[in-house]
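Chemist: The structure that follows is given in the form of structure tokens.
The values are calculated or read from the model by the stated rules, or taken from the named source; none is laboratory data. Given the structure is predicted, the values throughout are model-derived calculations rather than measurements. Every residue, glycine among them, receives a Cβ derived from its backbone with ideal geometry; neighbour counts consider all protein chains shown. Ligands, DNA and RNA are excluded from the accessible area calculation, which covers all protein heavy atoms including side chains. Shrake-Rupley method; radii C 1.70, N 1.55, O 1.52, S 1.80 Å.
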Amino acid sequence: MKAAVRQDPAEVFELHAAGRTRAVRESRPLVSVDESIDAVPRGQDKARIVFDFGEGR
């Protein structure tokens, strides 16, 4: 079973390199970090969250 676990990421990278997947991300200002962390267990985020250190200072 361990071999399958190691192979899974490799297969995902191959699919992404072939253009068959896409990364979904949302940029948010760093000041929203607390609200963003609170939203995770509620399943409210539909994307990977990227914090912008230049916004909202």
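Chemist: Checking ALA23 against (1) surrounded by 10 or more Cβ atoms within 10 Å (Cβ to Cβ); (2) small (Gly, Ala, Ser); (3) touching a residue at least 12 places away in the same chain (Cβ under 8 Å), only one condition comes out false. Which one?
Modeler: Only one criterion in (1) surrounded by 10 or more Cβ atoms within 10 Å (Cβ to Cβ); (2) small (Gly, Ala, Ser); (3) touching a residue at least 12 places away in the same chain (Cβ under 8 Å) is unmet by ALA23, namely (1).
Chemist: Sticking with this one: Find the residue count for segment 26-49, including only residues that are open to solvent by less than 60 Å² (accessible area, probe 1.4 Å) and outside any helix (DSSP H, G or I).
Modeler: Start the filter on segment 26-49 by keeping residues that are open to solvent by less than 60 Å² (accessible area, probe 1.4 Å), which leaves 28-29, 32-33, 36, 39, 43, 45, 47, 49.
Still in the list and also outside any helix (DSSP H, G or I): 28-29, 43, 45, 47, 49.
Adding up the residues that qualify gives 6.
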